[in-house]
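Undergrad: Take a look at this one; I'll ask things after.
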Amino acid sequence: ALKRLSRISVEKFMKPSPTININASSEKAYEACIQCRWLWVIDNNQRLLGWIDRATVSQAGSVVEAMVQIKPDEIAVTKYSSLKEALSIMLSKAMRTIPVIDEYGIFQGEIDMADIEKATSEAEKKS
């Protein structure tokens with residue numbers, strides 16, 4: 001199964017994901033988090049900076065204060081990365097969902113463990 005995952009690109013399974021601008025108010029971030037548990041944080045140029053969680057944003061004075069800052073090159077993949085690469089990052093960082101960025105760090109979407117499980121089951125059906 002891992003060999004098959006190395007031949008499938010993230011692009012086929014990535015999906016859009018909600019984001020919040022770093023300069024948004026904590027109230028706006030909390031309202032956005034009602035729809036989902038957490039949001040990716042981006043800057044004015046759509047570059048990925050980190051994420052916020054509903055539990056922390058409700059107690060924070062700003063998105064910056066609530067944000068978990070990240071190094072995108074350590075936890076993100078590009079749409080050209082393989083699903084095997086995505087799975088490797090998920091396992092090494094203990095994350096079920098990771099961001100997808102382009103070569104400039106611009107946020108593109110996300111991929112999660114369920115997407116990789118779906119790809120694995122689809123690949124098994126074909127063989």
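The values are calculated or read from the model by the stated rules, or taken from the named source; none is laboratory data. Model, not experiment: these values are computed from the prediction. Note that each Cβ is placed from the backbone with ideal geometry, even for glycine, and that neighbours are counted across all protein chains shown. These accessible areas exclude ligands, DNA and RNA; they are computed on the full protein's heavy atoms, side chains included. Shrake-Rupley method; radii C 1.70, N 1.55, O 1.52, S 1.80 Å.
Undergrad: Would you be able to tell me the number of residues in the stretch 20-38 that are closer than 29 Å to residue 122 by Cα and either within 12 Å of the chain's Cα centre (by Cα) or open to solvent by less than 50 Å² (accessible area, probe 1.4 Å) (or both)? It would help to see each step written out before you state the result.
TA: The initial filter retains those residues of the stretch 20-38 that are closer than 29 Å to residue 122 by Cα, namely 36-38.
Restricting the remaining residues to those that are either within 12 Å of the chain's Cα centre (by Cα) or open to solvent by less than 50 Å² (accessible area, probe 1.4 Å) (or both) gives 36, 38.
Residues in the stretch 20-38 being closer than 29 Å to residue 122 by Cα and either within 12 Å of the chain's Cα centre (by Cα) or open to solvent by less than 50 Å² (accessible area, probe 1.4 Å) (or both): 2 in total.
Undergrad: Another one. Regarding the stretch 3-17, can at least one residue be identified that is more than 24 Å from residue 117 (Cβ to Cβ) and either in contact with a His (Cβ under 7 Å, 6 or more places away or on another chain) or open to solvent by less than 60 Å² (accessible area, probe 1.4 Å) (or both)? Break it down stepwise before answering.
TA: Within the stretch 3-17, the subset more than 24 Å from residue 117 (Cβ to Cβ) is none.
The answer is no, given that none of the residues of the stretch 3-17 is more than 24 Å from residue 117 (Cβ to Cβ) and either in contact with a His (Cβ under 7 Å, 6 or more places away or on another chain) or open to solvent by less than 60 Å² (accessible area, probe 1.4 Å) (or both).
Undergrad: Continuing with the same structure: Considering only the stretch 45-53, I want to know if a residue exists there that is surrounded by 15 or more Cβ atoms within 10 Å (Cβ to Cβ), of a type in the set (Phe, Trp, Tyr) and touching a helix residue (DSSP H, G or I) at 6+ places or on another chain (Cβ under 7 Å).
TA: no
Undergrad: Can you report the number of residues in the stretch 70-127 which are small (Gly, Ala, Ser) and closer than 16 Å to residue 9 by Cβ? First the steps, then the outcome.
TA: First, the residues of the stretch 70-127 that are small (Gly, Ala, Ser): 76, 81-82, 86, 88, 92, 94, 105, 109, 114, 119, 121, 123, 127.
Then drop every residue that is not closer than 16 Å to residue 9 by Cβ, which leaves 76, 81-82, 86, 88, 109, 119, 123.
The number of residues fulfilling the criteria is 8.
Undergrad: Name the residue, out of 54, 4, 47, that is in contact (Cβ under 8 Å) with a residue 60 or more places away in the chain, among the charged types (D, E, K, R) and in contact with a strand residue (DSSP E or B) (Cβ under 7 Å, 6 or more places away or on another chain).
TA: When all the criteria are applied, what remains is 47.
Undergrad: Here is a further query. Kindly indicate which of 109, 105 is at pLDDT 90 or above and either touching a helix residue (DSSP H, G or I) at 6+ places or on another chain (Cβ under 6 Å) or buried (at least 18 other Cβ atoms within 10 Å of the Cβ) (or both).
TA: Residue meeting the stated conditions: 105.
Undergrad: Can I ask one more? When residue 97 is evaluated against the numbered criteria (1) modelled with pLDDT of 90 or more; (2) open to solvent by 30 Å² or more (accessible area, probe 1.4 Å); (3) farther than 22 Å from residue 3 by Cβ, which criterion, by number, is the only one it fails?
TA: (2)
Undergrad: In the stretch 50-109, what count of residues is obtained for those that are of a type in the set (Val, Ile, Thr), closer than 24 Å to residue 26 by Cβ and touching a Gly at 6+ places or on another chain (Cβ under 7 Å)?
TA: 2
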